[in-house]
Amino acid sequence: MTIQLDVSGMLSRAVPGGLSPERLEALAPRLAAAHAGLVADADRGILGFRELEVQAAERARVQAWAAAHRGGLEDVVVLGIGGSALGAVALRTALLPRDWNARSREQRGGRPRLHVLDNVDPRSVRGLLELVDLRRARFLVISKSGSTAETMSQYLLVRDRLAAAGVAPPDALCFVTDPARGVLRRVARDEAIPTFDVPPNVGGRFSVLSPVGTLPAALLGLDVDQLIAGAIAMRDRCASDRFRENPALAFAALQWRAHVEAGQGMHVLMPYSDALRDLAPWFVQLWAESLGKKQPGGAHVGPTPIVAVGATDQHAQVQLFMEGPADKTVTFLDVEEPDGGELTIPGGGPPELAYLGGHGFAELLRAEGRATAGALATMGRPTMTLRVTRADAWHLGGLLMLFELATIYAGQLYGVDPLDQPGVELGKQLTYYQFGHPDWQRMKAIWDALPPADPAWVL
């Protein structure tokens, strides 16, 4: 079981403007300082996503409860948004067969479907509730604060539907929230609704290895222990302040340097694996919300992460990556061993297609990835490759931890706090104001100062 980071395509010998040995040597003190900053944050107890041993008791409680309650369940529904949703989607896509929810109960081995309701579009909310049998479903309400407007709206509707169907809330609901504070914690105490804790020092976009992700995973019978083991192995591997010994530091340093020194601030994550395709949107939130910030001095900084999927986006975005502005890096995700083994392309057919016969689909996919990396290199476009043996729980845990650590390192390098999100908070507060939330009337002045639409410019 291995995770390798090949950074050859980011170096000066491979692409113009790439990292040179001399520049790497000059950056060594700054990288050491970034690592020291991460260690200091960990010592202050604010990087809870790393503290997986500390969370072992709650994780065991999650697994025991899930084992006792998943029998007879037809559907597990996550009510959450952002960091409360993207991790569960990535876990489902990576660790369960394709189109899991479309499979019969027999094909699923008696395990439930997993739905993630991550928006409040009434079409989606209504459609899902029309599909789910409330008596054979468990709704996971995931909000650390217990005040997320979107999730709380879904929760209120589900409660109303449960009451109409005569289903008691403790039989159909489960909360994942702050250990002590918030409305969900109060309701849980009053109504004996099963509840699991998001550690106080774990933010939403860093929470996939907490009950936010492990509860839905355990209810589906996924290997939570291996997920955590892979994450711990990667965390321990990234204990050095040396570029060549710490893949998370290397990833962060190369992306940061490409941005600030070579003008390549768009960071594409391109899995050549359908199992890992939903890891890319999870990464996008992590990278964008953590690093797109205003520095203490007032400068606005941050990269723009982009999702692409190989080989699909060879026929969509790669033309832009090849001949468009040289403002991007591309990180490939490569899986060496396909889930379920190789699938052979049959021979026969027209002579023009004979070259395909006898080869494998996974072989073709990996060849496409190498070809895309090679083509980008000929155009001087920087790339790196994260290579895993297989898309299983251990490797996925390692990738999740690698990206989370890299985000903290990048925050150190950009000079911003990767754990807050003040820009998101203002939008939330203005939403609360429009709905008359009693605590947000101070937003009135900001709302009233917004420029109204000019009818002359409504086309």
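The values are calculated or read from the model by the stated rules, or taken from the named source; none is laboratory data. The structure presented is a predicted model; accordingly, all values stated were derived computationally and were not measured. Virtual Cβ from ideal backbone geometry, glycine too; neighbours counted across all protein chains shown.
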Open item on the list: Just the residues that are at negative phi and of a type in the set (D, E, K, R), please, taken from the range 95-112.
Closed with: Arg98, Arg103, Arg105, Glu106, Arg108, Arg111
Open item on the list: Step by step: first the residues of the range 288-309, then only those that are modelled with pLDDT of 95 or more and in a loop (DSSP other than H, G, I, E, B), then the one that is surrounded by the most Cβ atoms within 10 Å (Cβ to Cβ). Which residue is that?
Closed with: Ala308
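Here are some residues: Ala56, Ala102. Which one is out of contact with any strand residue (DSSP E or B) (no Cβ under 9 Å at 6 or more places or on another chain) and of a type outside the set (Val, Ile, Thr)?
Details: Ala102 fails: out of contact with any strand residue (DSSP E or B) (no Cβ under 9 Å at 6 or more places or on another chain).
Unique residue meeting the criteria: Ala56.
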- [ ] Please work out which one of (1) farther than 28 Å from Ala391 by Cβ; (2) assigned to a helix (DSSP H, G or I) is the condition Ser145 fails and give its number.
- [x] (2)
- [ ] Would you point out which residue out of Leu254, Leu279 is under 30 Å from Gly341 (Cβ atoms) and in contact (Cβ under 8 Å) with a residue 40 or more places away in the chain?
- [x] Leu279
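Would you check if Asp313 is assigned by TED's automatic domain parsing to the domain that holds Ala275, surrounded by 13 or more Cβ atoms within 10 Å (Cβ to Cβ), in contact with a Ser or Thr (Cβ under 6 Å, 6 or more places away or on another chain) and in contact (Cβ under 8 Å) with a residue 12 or more places away in the chain?
On the way: assigned by TED's automatic domain parsing to the domain that holds Ala275: yes; surrounded by 13 or more Cβ atoms within 10 Å (Cβ to Cβ): yes; in contact with a Ser or Thr (Cβ under 6 Å, 6 or more places away or on another chain): no; in contact (Cβ under 8 Å) with a residue 12 or more places away in the chain: yes.
In short, no.
Tell me, please, whether a residue that is within 24 Å of the chain's Cα centre (by Cα), of a type in the set (D, E, K, R) and surrounded by fewer than 12 Cβ atoms within 10 Å (Cβ to Cβ) can be found in the range 46-56.
Filtering the range 46-56 down to residues within 24 Å of the chain's Cα centre (by Cα) leaves 46-56.
Filter once more, so that each one left must be of a type in the set (D, E, K, R): 50-51, 53.
In the following step, the residues that additionally are surrounded by fewer than 12 Cβ atoms within 10 Å (Cβ to Cβ) were identified as 53.
Yes, that holds for at least one residue.
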- [ ] Please specify each residue of the range 57-76 satisfying the condition of being surrounded by fewer than 17 Cβ atoms within 10 Å (Cβ to Cβ) and basic (Lys, Arg).
- [x] Arg61
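Just checking, which of Thr389, Thr378, Thr385, Thr372 is in contact with a Phe, Trp or Tyr (Cβ under 6 Å, 6 or more places away or on another chain) and of a type in the set (Ser, Thr, Tyr)?
The unique qualifying residue is Thr385.
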